[in-house]
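A.B. asks: Got a structure here, written out as structure tokens. Questions coming.
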Amino acid sequence: MTDRALLAMSRRNLLLALGAATTLPAPAATPPGRVVASFSILADMAREIAPAGVEVTSLVRPDADAHVFEPTPADARRLAQADLVLVNGLGFEGWIERLIKVSGYRGTTVVATQGIATRQVGGSADPHAWQDLGLAQGYVGNLSRALAARWPEAAAEVEARTADYRARLAALDTQVRQWLGAVPREKRRVITSHDAFGYFGNAYGVDFLAPQGWTTRSEPSAATVARLLRQVREQDVQALFVENISDPRLVERIARETGARVGGTLYSDALSAAGGPADTYLRMFAHNARSLAEALSKTR
Ligand SMILES: [Zn+2]
């Protein structure tokens, strides 16, 4: 008896033991494949809609900062073996072009923000568009088309998973509007470490102030910090948040000097590790919105 026949027999016995039907379903055609995403949030979106059997991994790990990521030779090897590469674009991954070149990867690189209406900051596009659940639908459209094109035999599966995921994104968007809508508009003022929540602010009506611009590559100047301290006092900002990817010390200092409270941790550019409070994109978004609504409703 071959190994395969043995395996089939033991599977049949297991199903019998579980009281399942004795006619086994034909095994689904699972296209083996590897998708490499630049960062954890994009990897999670792709995992939600990719065909079964396709493995999705992320170059930048959970809780890590993609702006200052330094790729290793192992990352280049991983790219070389990829069937599809996913990036955010808009200058978020300043290191990706060189890494792809070094790796020898010749396949398609999908830019998830392709066609999305961007927020302009100081003459350049803010890359953090995933911080708006409405714009995330655009990400999912781009990823879905690319996955279905790469694995056409699984196109129907990708389409069905995409429709299901889109519905969950839309439902959370409604929920987030309810949570924040319960906070008076004039109270919705928040300090974070870097300018990662501009899209969130535009979509859900929250003003975010940050000592660092949209990239974490440069340290804020003393003048920037002084101006922010002034703004916090003048505008009576009472909710401060640290970020999972950033050094919390500056935000903690602003809290000390102004008497404002640190309301918790927001997940800006990366998910939490598995088992943490923000280990999927949907859980991350819900965590951020709930934390903001709770902290803001406590302010005077
Ligand atoms: Zn960022």
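A.B. asks: Just the residues that are buried (at least 18 other Cβ atoms within 10 Å of the Cβ) and more than 16 Å from the ligand (Cβ to nearest atom), please, taken from the stretch 204-214. Even if it seems obvious, please write down each step before you answer.
C.D. replies: We begin by selecting, within the stretch 204-214, every residue buried (at least 18 other Cβ atoms within 10 Å of the Cβ); these are 204, 206, 208-212, 214.
Of everything in the stretch 204-214, those that are buried (at least 18 other Cβ atoms within 10 Å of the Cβ) and more than 16 Å from the ligand (Cβ to nearest atom) turn out to be Tyr204, Val206.
A.B. asks: Can you go through Val251, Val242 and tell me which one is within 16 Å of the ligand (Cβ to nearest atom), closer than 30 Å to Ser38 by Cα, modelled with pLDDT under 95 and not in a strand (DSSP E or B)?
C.D. replies: Step by step, each of Val251, Val242 is checked, and only Val251 is within 16 Å of the ligand (Cβ to nearest atom), closer than 30 Å to Ser38 by Cα, modelled with pLDDT under 95 and not in a strand (DSSP E or B).
A.B. asks: Tally up the residues in the stretch 267-300 that are among the aliphatic types (A, V, I, L, M) and under 16 Å from Val176 (Cβ atoms), please.
C.D. replies: Filtering the stretch 267-300 down to residues among the aliphatic types (A, V, I, L, M) leaves 270-271, 273-274, 278, 282, 284, 286, 289, 292-293, 295-296.
With the extra rule that they be under 16 Å from Val176 (Cβ atoms), the set shrinks to 278, 282, 284, 286, 289, 292-293, 295-296.
Looking only at that region, the number is 9.
A.B. asks: Answer yes or no: is there a residue in the stretch 286-298 that is buried (at least 21 other Cβ atoms within 10 Å of the Cβ) and either within 16 Å of the ligand (Cβ to nearest atom) or part of a strand (DSSP E or B) (or both).
C.D. replies: Checking the stretch 286-298: at least one residue is buried (at least 21 other Cβ atoms within 10 Å of the Cβ) and either within 16 Å of the ligand (Cβ to nearest atom) or part of a strand (DSSP E or B) (or both).
A.B. asks: A further question follows. Quick one: Thr113 ticks every box in (1) within 16 Å of the ligand (Cβ to nearest atom); (2) closer than 19 Å to Ile41 by Cα; (3) in contact (Cβ under 8 Å) with a residue 60 or more places away in the chain except a single one, so which number is it?
C.D. replies: (3)
A.B. asks: Could you tell me whether any residue of the stretch 215-222 is in a helix (DSSP H, G or I), modelled with pLDDT of 85 or more and open to solvent by 20 Å² or more (accessible area, probe 1.4 Å)?
C.D. replies: The answer is yes; a qualifying residue exists.
A.B. asks: Now for a separate question. Considering every residue within the stretch 173-181, establish whether at least one is in contact with a strand residue (DSSP E or B) (Cβ under 8 Å, 6 or more places away or on another chain), aromatic (Phe, Trp, Tyr) and more than 23 Å from Val225 (Cα to Cα).
C.D. replies: Scanning the stretch 173-181, I find no residue that is in contact with a strand residue (DSSP E or B) (Cβ under 8 Å, 6 or more places away or on another chain), aromatic (Phe, Trp, Tyr) and more than 23 Å from Val225 (Cα to Cα), so the answer is no.
A.B. asks: Another question about this same structure. Among the residues of the stretch 41-54, is there at least one that is under 23 Å from Asp279 (Cα atoms), part of a helix (DSSP H, G or I), under 14 Å from the mean Cα position of the chain (by Cα) and among the β-branched types (Val, Ile, Thr)?
C.D. replies: yes
A.B. asks: Continuing with the same structure: Only one residue in Ala203, Ala226, Ala274 is assigned to a helix (DSSP H, G or I), in contact (Cβ under 8 Å) with a residue 40 or more places away in the chain and not basic (Lys, Arg), so which one is that?
C.D. replies: Testing whether each residue is assigned to a helix (DSSP H, G or I), in contact (Cβ under 8 Å) with a residue 40 or more places away in the chain and not basic (Lys, Arg) leaves just Ala203.
Condition check ((1) free of Cβ contacts under 8 Å to residues at least 40 places away in the same chain; (2) among the hydroxyl-bearing types (Ser, Thr, Tyr)) across all residues:
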residue: Thr72; (1), (2): yes, yes
residue: Ala76; (1), (2): yes, no
residue: Ala82; (1), (2): no, no
residue: Val85; (1), (2): no, no
residue: Gly89; (1), (2): yes, no
residue: Ser103; (1), (2): yes, yes
residue: Thr118; (1), (2): yes, yes
residue: Leu133; (1), (2): no, no
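A.B. asks: How many residues are away from the ligand (no atom under 16 Å from the Cβ) and either within 22 Å of the chain's Cα centre (by Cα) or open to solvent by 10 Å² or more (accessible area, probe 1.4 Å) (or both) when one looks only at the stretch 175-195?
C.D. replies: Looking only at that region, the number is 14.
A.B. asks: What about Ala278, is it over 18 Å from Val68 (Cα atoms), within 25 Å of the chain's Cα centre (by Cα) and surrounded by 14 or more Cβ atoms within 10 Å (Cβ to Cβ)?
C.D. replies: Yes: the conditions hold for Ala278.
A.B. asks: Could I ask something else about it? Looking only at the stretch 27-40, count every residue that is surrounded by fewer than 21 Cβ atoms within 10 Å (Cβ to Cβ) and either in a helix (DSSP H, G or I) or at pLDDT below 50 (or both) and tell me the total.
C.D. replies: As a first pass, look at the stretch 27-40 and keep what is surrounded by fewer than 21 Cβ atoms within 10 Å (Cβ to Cβ): 27-34.
Subsequent filtering for residues that are either in a helix (DSSP H, G or I) or at pLDDT below 50 (or both) retains 27.
Final tally of qualifying residues: 1.
A.B. asks: Residue by residue through the stretch 254-269, note down the ones that are within 16 Å of the ligand (Cβ to nearest atom) and either assigned to a strand (DSSP E or B) or more than 22 Å from Ala286 (Cβ to Cβ) (or both). Working first, answer last.
C.D. replies: From the stretch 254-269, those within 16 Å of the ligand (Cβ to nearest atom) are 265-269; that's our starting set.
The answer is Thr265, Leu266.
A.B. asks: Could you say which residue among Gly122, Gly138, Gly134, Gly107 is small (Gly, Ala, Ser) and under 24 Å from Glu219 (Cα atoms)?
C.D. replies: On the way: Gly138 fails: under 24 Å from Glu219 (Cα atoms); Gly134 fails: under 24 Å from Glu219 (Cα atoms); Gly107 fails: under 24 Å from Glu219 (Cα atoms).
Going through Gly122, Gly138, Gly134, Gly107 in turn, the sole match is Gly122.
The values are calculated or read from the model by the stated rules, or taken from the named source; none is laboratory data. Since the model is a prediction, treat every value here as computed from it, not as a measurement. In this analysis, Cβ positions are derived from the backbone assuming ideal geometry, glycine residues included, and neighbour counts consider all displayed protein chains. Just the protein is used for accessible areas: all its heavy atoms, side chains included, with ligands, DNA and RNA removed. Shrake-Rupley method; radii C 1.70, N 1.55, O 1.52, S 1.80 Å.
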